[in-house]
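Here the structure comes first, spelled out in structure tokens, and everything after it is commentary.
Readers should treat all values here as calculations from the given coordinates under stated rules, not as data from a laboratory. Since the model is a prediction, treat every value here as computed from it, not as a measurement. We place every Cβ from the backbone using ideal geometry, glycine too, and count neighbours over all the protein chains shown.
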């Protein structure tokens, strides 16, 4: 099991990266590079990833790597 600080930092970075790409999706949509359905799926995916990793960074007691893919 990784240390709580390392996993919490990595989860916070993943949340920030997800928010960055959420903003980039909006920029690409306004620029006409993405269609409507592409934009909806990208917004949903990046938002879901940001919420999951932000919750992982906020609760350091449940930050083992396997808990993300399986329930206890």
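Sorted from largest down, give the three principal axis spans of the alpha carbons of the range 14-60, whole angstrom values.
Reported extents, whole Å, longest axis first: 40, 15, 9.
Can you pull the one-decimal nm distance between simple spin-label points at residue 17 and residue 43, each 7 Å off the Cα toward Cβ?
2.4
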